[in-house]
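The values are calculated or read from the model by the stated rules, or taken from the named source; none is laboratory data. Computed from a prediction, not measured in an experiment: that's the story for all the values here. Virtual Cβ from ideal backbone geometry, glycine too; neighbours counted across all protein chains shown.
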Amino acid sequence: MPVQKQAGSGFESFTFYLSLLLLAAAIGSFFYFQYSVGQRIAKRDELKIEASKSKTAEQKNLENRIMTVRQQLRDFSAALNERKLGTMFFSKFETLVFPEVFSFARMDPCRNSTSSFRNGFLERINPK
C-alpha cells in the first residue's frame, strides 16, 4: 500500500517556516548580544585603566582617605546603635540585681573613666 501524502494548507507551511525563521533570528541575536556585551566590558576595562593612570598621587591619596573615613563612620554608627541596646539592657539588669553587688554604671565610659571604676572597686574591697 502506498502512503498517501496529505496536502497541508498553505497557512500551515507558512507558519512552520516563519517559526523556523524566528528561531534562527533568536539564536543569532543571542550570540550577537553576547559578543556585544564582551566588547563593551573590554572597552569599560580599558577606560578604567586609563582613568586610573590619569589620577595623580594626591588624588589617589585623597580617595583612600575618604574611603577610610567613610568606613570609620559606618563602623561608628553601628557601634553607637549597639551601645544603646547594651545600655538599656544593663540599666534594666541593675534594677534587678542588688545595688551594692556591682554597678554597671561605673563601667560606662560616657559617665566615668575606667580608672575611677578601678578606684571605686578597690575602695569597696579595701575600705580605709
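Out of all the residues in the range 7-33, which are among the small types (Gly, Ala, Ser) and under 41 Å from the mean Cα position of the chain (by Cα)? Hits for the range 7-33 are 24, 25, 26, 28, 29.
Here residue 58 qualifies as part of a helix (DSSP H, G or I), among the acidic types (Asp, Glu) and surrounded by fewer than 10 Cβ atoms within 10 Å (Cβ to Cβ). Put simply, of 50, 123, 82, 63 the only residue that is among the acidic types (Asp, Glu), more than 32 Å from the chain's Cα centre (by Cα) and at pLDDT below 90 is 123.
Would you confirm, using the coordinates I've provided, whether residue 38 is small (Gly, Ala, Ser), surrounded by 10 or more Cβ atoms within 10 Å (Cβ to Cβ), over 28 Å from the mean Cα position of the chain (by Cα) and modelled with pLDDT of 75 or more? When the stated conditions are applied, residue 38 does not pass them.
Exactly one residue among 14, 90, 31 is touching a helix residue (DSSP H, G or I) at 6+ places or on another chain (Cβ under 6 Å) and part of a helix (DSSP H, G or I), and that residue is 90.
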